[in-house]
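Take a look at the structure below.
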Amino acid sequence: DVLCGSLVDFTIVATADQGSFTRTFSARVGSQGTTTSTYGSTDVPKTIADLATVTSSLTVAASANMVDADVGVTLTHTWDGDLILTLIAPNGLRILLANQEGGAGLNYTSTIFDDQATTPIGSGVAPFSGRFKPEQRLSNLGGVPANGTWKLEIQDVGPGDTGTLLAWSMTET
């Protein structure tokens, strides 16, 4: 009765003459195959205006539930520390990708938000290029239906700087 792609918690308890051992872990149910699909936004470029919020969309046509995802972003901005980037699932679930990271640095250049990256975005240095762990885990999307309109929301929360969202994509992993 568990949806494919759902996270299931397990606890193993072993007891011997020397004492007890308990270990807990989580696993996703269902087939995780090696197929990935990448979806790109077609409504870019979009201006990131000063002290404003811009949203870009992409459509995923898939019948399965999400297990995990990577999100790619390319944007220019004259002060990355002004920006809050959030992925919004079709069901409204919000995943915070970056929260005012990079200070006075410029740009996200082919930046990939990936739970398996070694460097958290908060430890990265702008211009952000390469793979970074997002502020919140993209695997929190596990069990969410993939089909529908996904959004990237970019908030500019500081005065005096602007930019342009050039491209973004989502890869189901």
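The values are calculated or read from the model by the stated rules, or taken from the named source; none is laboratory data. Just so we're clear, the structure is a prediction, and the values are computed from it rather than from any experiment. For neighbour counting, all protein chains shown are included, and Cβ atoms are generated from backbone atoms with ideal geometry for every residue, glycine included. Accessible surface areas use protein heavy atoms only, side chains included; no ligands, DNA or RNA. Shrake-Rupley method; radii C 1.70, N 1.55, O 1.52, S 1.80 Å.
Accessible area of Lys151, 1.4 Å probe, to the nearest 10 Å²?
Here the accessible area works out near 80 Å².
In a shell of Cβ-Cβ distance under 9 Å around Asp70, excluding Asp70 itself, what net charge do Lys and Arg (+1) and Asp and Glu (-1) give?
Net local charge, Asp70 excluded: -3.
At a 1.4 Å probe radius, which order do Tyr108, Tyr39 fall into by accessible area, largest first?
Tyr39, Tyr108
If you average the C-alpha positions of the stretch 114-173 and of the stretch 67-102 separately, how far apart do those two centres end up, in angstrom?
About 3 Å separates the Cα centre of the stretch 114-173 from the one of the stretch 67-102.
Give the relative contact order (percent, whole number) for the stretch 50-163; include only Cα pairs under 8 Å separated by 6+ residues.
For the stretch 50-163, the relative contact order is 43 percent.
Starting from the Cα-Cα distance between Gln18 and Ala52, subtract it from 0.36 nm times their residue separation and give me the gain in nm to one decimal.
Once the chain is fully extended between Gln18 and Ala52, it gains 6.0 nm.
Using a 1.4 angstrom probe and counting only protein chains, how large is the accessible area of Val13 in Å², to 10?
100 Å²
Got a number for the accessible area of Arg131? Probe 1.4 Å, square angstrom, nearest 10.
130 Å²
How would Thr42, Thr119, Thr162 line up by accessible area, probe 1.4 Å, largest first?
Thr42, Thr162, Thr119
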